[in-house]
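**Student:** This is the structure I have questions about; it appears just below.
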Amino acid sequence: MIGLLFVLFFVLLALGVPIAFVLIISTVLYAFSVGDISWALVPQRTIFGINSFIMLSMPFFILAGNLMSSGGITKKIVDWAKAFVGHVRGGLAFVNIIACMLFGTISGSAIAGTSAIGSLLIPSMKKEGYPPSFCAGLTSVASTCCPVIPPSLAFVIYASSAKVSVSDMFIAGIVPGVLMGGLMMILSYYYARKDNFPRSEKATWRQRGKATVDALPCLGIPVLIIGGITTGYFTPTEAAAIAVVYALILSVIYKTITLKSLWKCVVNSAIDSGAIMLIVGGCYLFGWVISNERITITLTEALVAMDCSLVVKLLIINGALLIVGMFMDSSPAILLIAPILAPAMTALGVDPIQTGMIVCINLVIGLSTPPVGVCLYAATNIAKVKFSETVRSCMPFLIATLIALLLITYVPVLTQIPFMLLGK
């Protein structure tokens, strides 16, 4: 009967039903067909999935990101990056990537990064003479660094699902995020030299100093959040709440936010959080059925029994996750996959934190992968180009992120570097 569950799931998904309702409807119809499942368990399992102290950090992080964007703090980060690398050939492309990486420390959302950084930089890059398709392709892929650079919503969701430490996920995500951004910067420099991209006037050290002073309070938020969590001063949920207060104080100091824009931030954050929480509840309900049908145990036994090396098994897993990421949003995909895959990977000798990196990076790359990568559509709309042109331009950068993914998968010591430096 489990086949009926997946048939209903993919049929509803193909019909364009919102993912939260796909999860709930397919599970309810499955329970109705089986007949030996109490209907009271449906709302109980849904509410149980939402009733988590860790998950409270999600709406706070979303609100902090919206306050930062609305408060003009993102622009200060862009100006700071531009002051230091804007004069290099293709410098605005570097600024784009660096800004996306830094925006990840604020928001942790790829689509928010595409919208915020794209709206600021794509028009400027086009005005400076960069090809519009290049701007769209670069921004759509660079924004996938946002859910990898901590604090990351994807990591919070994985940690909650796989029962691992949120702070360990945050620490492990530092090197993968920097690696993805670094490879894209190398590729951008190659194209800048090859196609003779423009460069801005070199900023003076006085201008750089001013930009640094302006941006320094904004750059302090990752230090505050990561430092506070790793030293044990506060939990991830408390850190998210502190991030909101910090963002609000900065916005008031900079005089860039009004009561009207503050209310808009709160409303938008509530809507986004409500949508995500409904997905979370639906995923826990769906996962409960999967657990009840012993699919986790079956998958673990199948992976362990495969007559091939761990290298090949990891390649197969990466390929499957990439395909999932192409067609599903990362949040529900992580909620569905983590409880199933984490025990199987542990049986193969892969650390759960390392599994989290593999799962989350694969799925966030899907946000900029054709045919349905949402970041591609957002960047295409901002740059006002054809979708096919954005896809062609994004492919080299997409390959760069896949190279980073393979390095993280097969050289696990990369994710352990921050732990070594912290003496953990």
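**Student:** Can you give the extra length, in nm with one decimal, that the chain gains between THR212 and ILE271 once fully stretched, where that is 0.36 nm per residue apart less the Cα-Cα distance?
**Tutor:** In short, 17.8 nm is gained.
**Student:** Residue farthest toward the positive end of the dipole of the chain, with Cβ of Lys/Arg at +1 and Asp/Glu at -1: which of VAL350, ILE253, GLY232?
**Tutor:** Selected residue: ILE253.
**Student:** Sticking with this one: Pairing the Cα long axis of helix 330-347 with the longest principal axis of the chain, what angle in degrees results, from 0 to 90 and rounded to the nearest 10?
**Tutor:** Helix 330-347 sits roughly 60 degrees off the main axis of the chain.
**Student:** Report the dimensions of the range 304-412 along its three principal axes from the alpha-carbon atoms, largest first, rounded to Å.
**Tutor:** 49, 25, 22
**Student:** Cut-off under 30 Å on the C-alpha distance; same-chain residues fewer than 8 positions from LYS75 excluded. Which lysines are left, in chain and number order?
**Tutor:** In chain and number order, the partners are LYS126, LYS127, LYS194, LYS202, LYS210, LYS255, LYS260, LYS264, LYS384, LYS386.
**Student:** Another question about this same structure. Report the Cα centroid-to-centroid distance between the range 118-174 and the range 338-413 in angstrom, as an integer.
**Tutor:** One Cα centre to the other: 11 Å.
**Student:** Now, a different point. Per residue, what accessible area does the range 213-285 have, given a 1.4 Å probe and all protein chains present, in Å²?
**Tutor:** I get 51 Å² per residue for the range 213-285.
**Student:** With axes computed from alpha carbons, what is the tilt in degrees of helix 387-410 against the longest principal axis of the chain, rounded to the nearest 10 within 0 to 90?
**Tutor:** Result, in degrees: 70.
**Student:** Keeping all protein chains in the complex and leaving out DNA, RNA and ligands, what accessible area do you get for PHE48 with a 1.4 Å probe, in Å² to the nearest 10?
**Tutor:** Surface accessible to solvent at PHE48 totals approximately 120 Å².
**Student:** Could you give the nm distance between label points at ASP307 and PHE387, where each point is 7 Å from its Cα heading toward the beta carbon?
**Tutor:** Result for the modelled spin labels: 4.4 nm.
**Student:** Also: Please report, in cubic angstrom per residue, the volume enclosed by the convex hull of the alpha-carbon atoms of the range 62-181.
**Tutor:** In the range 62-181, the Cα convex hull volume per residue is 95 Å³.
**Student:** Just from its helices, what would the mean residue ellipticity at 222 nm be for the chain, if runs of 4 or more DSSP H residues each count -39500 (n - 2.57) and the sum is divided by every residue, rounded to the nearest 500 deg cm²/dmol?
**Tutor:** Computed mean residue ellipticity for the chain: -26000 deg cm²/dmol.
**Student:** Counting only protein chains, not ligands or nucleic acids, how are LYS82, LYS210, LYS76 ordered by accessible area (probe 1.4 Å), most first?
**Tutor:** Descending order: LYS210, LYS82, LYS76.
**Student:** Counting just the Cα atoms, what span does the range 189-270 cover along each of its three principal axes? Round to the nearest Å and put the largest first.
**Tutor:** Reported extents, whole Å, longest axis first: 47, 37, 28.
**Student:** Take VAL141, VAL324 and sort them by solvent-accessible surface of the protein heavy atoms, 1.4 Å probe, largest at the top.
**Tutor:** These residues rank, largest area first, as VAL324, VAL141.
**Student:** Determine one quarter of the surface area of the Cα convex hull of the range 141-200, which equals its mean projected area, and express it in nm² to one decimal.
**Tutor:** So the mean shadow area of the Cα hull is 4.9 nm².
**Student:** Any chance you could give the angle, 0 to 90 degrees and rounded to 10, that helix 259-292 forms with the longest Cα principal axis of the chain?
**Tutor:** 30 degrees
**Student:** Still on this structure, I have one more. From Cα pairs below 8 angstrom and at least 6 apart in sequence, can you work out the relative contact order of the range 76-217, rounded to a whole percent?
**Tutor:** Averaging sequence separation for qualifying contacts and normalising by length gives 37 percent for the range 76-217.
**Student:** In what order, largest first, do THR258, THR27 sit by accessible area if the probe radius is 1.4 Å?
**Tutor:** THR258, THR27
**Student:** Rounded to the nearest 10 Å², what accessible area does GLU128 have for a 1.4 Å probe in the complete protein model?
**Tutor:** Counting only protein heavy atoms, the figure is 80 Å².
**Student:** Continuing with the same structure: Can you compute the equivalent ellipsoid semi-axes for the chain, i.e. the square root of 5 times each eigenvalue of the Cα gyration tensor, sorted largest first and rounded to whole Å?
**Tutor:** Semi-axes from the Cα gyration tensor: 36, 24, 21 Å.
**Student:** When the gyration tensor of the range 365-424 is built from Cα positions, what are the square roots of 5 times its three eigenvalues, in whole Å, from largest to smallest?
**Tutor:** The equivalent ellipsoid of the range 365-424 has semi-axes of 33, 12, 8 Å.
**Student:** Would you mind telling me the share, in percent, of accessible area of the chain contributed by carbon and sulfur at probe 1.4 angstrom?
**Tutor:** The nonpolar share, carbon plus sulfur, comes to 70 percent.
**Student:** Go through LEU12, CYS145, LEU363 and say which Cα lies farthest out towards the positive end of the charge dipole of the chain; charges sit on Cβ, +1 for Lys and Arg, -1 for Asp and Glu.
**Tutor:** So the residue furthest toward the plus end is CYS145.
The values are calculated or read from the model by the stated rules, or taken from the named source; none is laboratory data. All of these numbers come straight from a predicted model, not from anything done at the bench. Cβ atoms come from the backbone with ideal geometry, glycine included; neighbour counts cover every protein chain shown. Keep in mind that these areas ignore ligands, DNA and RNA; they rest on the heavy atoms of the full protein, side chains included. Shrake-Rupley method; radii C 1.70, N 1.55, O 1.52, S 1.80 Å.
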